[in-house]
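Written below as structure tokens is the structure these notes are about.
We did not get these values from a lab; they are worked out from the coordinates using the rules stated. In this text, all values refer to a predicted model and were calculated from it rather than measured experimentally. A quick note on method: Cβ atoms are made from the backbone with ideal geometry, for glycine too, and the neighbour counts reach across all protein chains shown.
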Amino acid sequence: MENFGYLLDGFQVALTLHNVLFMLLGVLLGIVVGVLPGLGGPNGVAILLPLTFSMDPTSAIILLTSIYWGALFGGAITAVLFNIPGEPWSVATTFDGYPMAQQGRAGEALTAAFTASFVGAIAGVVLITFLAPLVAKFALRFGPAEFFAVFFLTFCSFIGMGKENKAKIIVSLALGFILAGVGIDTISGDMRMTFGVTELMSGIDFLVVVIGMFGISEILMTLEEGMSFKGKKAKIDLMVVLRTWAELPRYFVTFVRSCIAGIWLGISPGGAVAASFMGYGLAKRFSSRGERFGTGEMEGVVAPETAAHAAGTTALLPMLALGIPGSATAAVLLGGLMIWGLQPGPLLFVEQKEFVWGLIASMYLGNIVGLVVVLSTVPLFAAIMRIPFALIAPVILMMCAIGAYTVANASFDIWLMLVFGVVGYVFKKLDYPLAPMVLALVLGDRAEDAFRQALIGSAGDLSVFWDNGLVTSLMAISLALLLWGPIADGLSLLRTRRPAAAE
Amino acid sequence: MKTAALAGAALLLSTFAASAWEPTKSVEIVVPFGPGGASDQMARTMQAIIQKHGLSKESFIVVNKPAATGGEAMMDIKKSKGDPHKLITTSSTIYMTPLATKIPVSWQDFTPVGMVAQDEFGLWVAKDSPLKNVDDLKAAAKAANPPIKVGGGGSKREDELISFGVFTELGAPISYIPYKSGGEASTQLAGNHILVETNNPSEDVANWRAGLTRPLCVLSPKRIAYTAKVTADMSWNDVPTCGEQGLKFTYNMLRGLFMPGGVTPEQQAYYVDLIQKIVATPEWQEYLERNALLSDVRVGKDYVDFLNADEAKHKDLMAKAGFLPTN
Amino acid sequence: MRLEWPMSSLDPYETEPGLSRRAVECVVAALLGILAVAVLWDSYERGAGWSNGPQSGFFPARMAWILLAAAVVVFVQGLRAESRVVVTWAQLKQVFSVLLPLTVYVFAIGYLGIYVASAFFLAGFMIAFGSFRWWAILAASVLIPLVTFWVFEMQFEVPLPKGPLEAMLGF
């Protein structure tokens, strides 16, 4: 309860007029950089950093974290409207968000995504408020073996045997793992699968692949199908927000499930991308509507967005408490902290109480401000779908090129994007599922690194994966989830077979 | 106060000395690493100082090019021959990346601007570790089976090179575990997942202050100069050098700037002058102290001599450690 | 099982000529197989065994074996697939009419910079696929790159690839 008192003081700091104005400014800028591929939180923070030199650190961090919130909200917009994930964790949002937009329900999808982000973020902030020091300690227990177990868990929660051709699921998965391994190997320093191409040395970036496979290939598909976005005739007004809200309480269980999954991956630190996939995977498996996921189910938007933002917010904790940046934006923020003379680390909570609690209070307020702002822009963004295809398509393609280039400021990545655009098109035509590949690409090399780090430490002894309670239980849950699919399938098969046999 | 006055004087001088060449558009500081790392922080600190003190009319932009472990950034500078609006930050990767990857680029292709500091490195252990000094470490490493776990940032980079140097001298085998960054290695040390770690002060100071890790010794010929208390009872200066404990291996890493080749002497002079103004500011001194960097400014021939000697040292060490590609 | 196909009242895949699904499936599976073999070669070259933990080639090699096996299965399935059209010639023409200009565009970015290349690309796309008036095309293809330039280069100071025109103007 001591923390609660500090939080109230924090609100007093954050709720002054000029701090609220800073929040508004930050959120707006954040949305802009979040929507434009190629710009992101770090750019927004960088542009305002000089402004903050003359400010007191609390106002400065409020301004800069608001950009972070704005960018988080903004990432979902292009994912829903154009199938182009603005941020890595919006990939899972495209699975149902984009089909919704195609059916003319872009407004609903955006509202659901924003609201879900908000709920997830607030869940994360509540956790930071009350459990910060405890959680920071817990994070220290994660060594390589535990990291591997966390990735394995994410993996098992997502991979159930879908309805697609099994051989094609496996192709997609294996290809993802292989692509993830390209470039300089973290563990051995070896150059893997670069075949002498210098540009491949640093590997194939996940975002470049995703922009190509989802964005470019979508344009190609649209062209083939007669050149227009299908969502054109959608009715758009602000009432859509209220209508969607009326529907959301139905997904209460999904919200809770995704919050837990997200917070867990934020602490452990699997990250927001892993969380979004896990949230989606769990909802697909355990929800009664799971069968229809992928065809424009609102629950399929809610699940990943909630989880991603619960994780993203919780992931700020290691930055504050341990001084480890969880993301590029966090890294730039971290640089900011130091320029204002604050040393991030476990002592920040003790030495800079006013600053830390002002920041935590601003997380609550920044999210509320952010939600209000993005919701009021829903009609505006949904209206983008009405722009003629012949104008919007080349603009999207240009933005894709910019987005691919700015990932690492490398021109080669634009070529890679083009190649993966074609791959994505062919795969879609032949009904190869893309999601397993994306998941393997995100988690593959991290899981492999952790696995090998663990084995270097144990001199090759595999028992590291069950030599303490934490890692053993993680592995056990993973296996249970992996086997859940076939078991459930078998059960339902029995159930449907029996009446059929009786006839 | 004195540094501030000096900085003021430097500023005044600069307005008179602004003669020959000045940038006519914004200047890119290319960082061959991702955002958040030590090189990135240095570039952003410089950018902030230039902005705050109005050292240039044009803005300075930090551009991260982490592709191909910095190779992409170096190739970019090589291709930008004659472009006076580009700088690149350097660390020992400027020799190590070309040596290890055979990317056809060398610092000889660039125009040296100057060295602004050197990184210190240390051996770190967890706070409650029984190891108190180099002898304890030697005994522990020799007795251990399987070999002790030593962590660091990256594979076949400076941390592994240091681990190789230290434990070859101690005559003990190790399992070197590479992590993505020095910061991650520090957290793993705090969680007792590794026994010892090589790291520069900036990436371990937070955990040291929090009582999670502590430095065993510094791999430098001299102790770190800063005497202000970092933890409750210790300053950087209180940390012994490894040499005091009988370990002869030392390692420091340059932090400096280059610009593309083929620029005019006036253009080079502008940036040499600029970094001298930057290092004279109080903010720079704060930056050095916060990251416990060794203040060591070298320009002109002094810098080139240093680079030649340092490159030879790295080549030799990498050859011994077997990090040079065989084919 | 036919229900798995998207069925619509005028299914062009039934009536119009085009690339056969069987051929495309087999070619893609073959390409995947070749990729798998290349990865296997690369991995075993470096060592794909187990010495105190997996070597650097261990995982890629296992994945490549799996990929190879799955590709063979897909290939066989492809051979047995009923002969249908996966994409009609008309559709393919549409796709290539963007894919080729897009390739030229990416190529041009390297020489003209992204802004000039985008101006041409926008104009070309609008002429080819839209029915805009000439002034609308001119306005869009000039203004959009200009606004992009203003946002990226001037406001956020994110340098994108630039070419001779920008250099001439002093950027």
Per-residue mean of C-beta atoms belonging to partner chains within 10 Å, peptide A:397-410
6
Please work out the FRET efficiency for the pair C:Arg84 and A:Glu164, using the Cβ-Cβ distance as r and a Förster radius of 25 Å; give the result to the nearest 0.05.
0.90
Report the FRET efficiency, 1/(1 + (r/R0)^6), for B:Leu324 and B:Asn237, where r is their Cβ-Cβ distance and R0 is 25 Å, rounded to 0.05.
0.10
With Cβ to Cβ distances under 10 Å as the rule, what net charge do the other residues near B:Glu169 carry (K, R +1; D, E -1)?
+2
Estimated FRET transfer efficiency (B:Ala228, B:Ala309; beta-carbon r; R0 35 Å; 0.05)
0.65
Taking the Cα atoms only, what angle lies between the long axis of helix B:158-170 and the longest principal axis of chain B, rounded to 10 degrees?
40 degrees
Can you pull out the GluC sites (Glu not before Pro) in region C:79-171 whose DSSP state is coil and whose Cβ has at most 14 other Cβ atoms within 10 Å?
C:Glu82
Helix C:89-112: inclination vs chain C longest Cα principal axis, degrees, rounded to 10, gives 60 degrees
Sorted on mean Cβ neighbours within 10 Å (highest first), peptides C:61-67, B:125-131, A:399-405 come out as A:399-405, C:61-67, B:125-131
What is the antiparallel percent of DSSP beta bridges lying wholly in the protein assembly as shown, to the nearest 5?
65 percent
Write down, largest first, the equivalent ellipsoid semi-axes of the protein assembly as shown in whole Å, where each equals the square root of 5 times an eigenvalue of the alpha-carbon gyration tensor.
44, 34, 30
Students often forget the sequence filter, so: which lysines lie under 21 Å Cα-Cα from B:Lys102 once same-chain residues fewer than 8 apart are removed?
B:Lys65, B:Lys78, B:Lys79, B:Lys81, B:Lys156, B:Lys313, B:Lys315, B:Lys320
In peptide B:175-185, what is the residue-averaged number of other protein chain Cβ atoms found within 10 Å of each Cβ?
4
Set of aspartates and glutamates near B:Lys142 by C-alpha distance (under 20 Å), chain-local residues within fewer than 8 positions excluded
B:Glu160, B:Glu169, B:Glu197
Have a look at B:Gly261, B:Gly246, B:Gly71 and tell me which one the Gaussian network model of chain B (Cα, springs below 10 Å) gives the largest fluctuation.
B:Gly246
Distance between modelled label sites at A:Ile487 and B:Gln108, nm, 7 Å Cα→Cβ extension:
6.7 nm
Report the antiparallel proportion of the DSSP beta bridges in region B:122-245 as a percent, rounded to a multiple of 5.
55 percent
Nearby lysines by direct alpha-carbon distance to C:Lys93 (threshold 30 angstrom, same-chain neighbours under 8 apart not counted)
A:Lys168, A:Lys230, A:Lys232, A:Lys233, A:Lys428, A:Lys429
Reduced to Cα centres, the span from region C:146-171 to region A:376-455 in Å works out to 24 Å
Projected convex hull area of chain B, Cα atoms, direction-averaged, in nm², equals 16.7 nm²
Please report the relative contact order for chain B, taking Cα pairs under 8 Å with a sequence separation of at least 6, and give it as a percent rounded to a whole number.
26 percent
Dividing the helical contributions, -39500 (n - 2.57) per DSSP H run of n ≥ 4, by the residues of chain B yields a 222 nm value, nearest 500 deg cm²/dmol, of -13000 deg cm²/dmol
Mind checking the angle between helix B:38-52 and chain B's longest principal axis? C-alpha axes, 0 to 90 degrees, to the nearest 10.
30 degrees
What average number of partner chain Cβ atoms lie no more than 10 Å from the Cβ of the residues making up C:96-109?
4
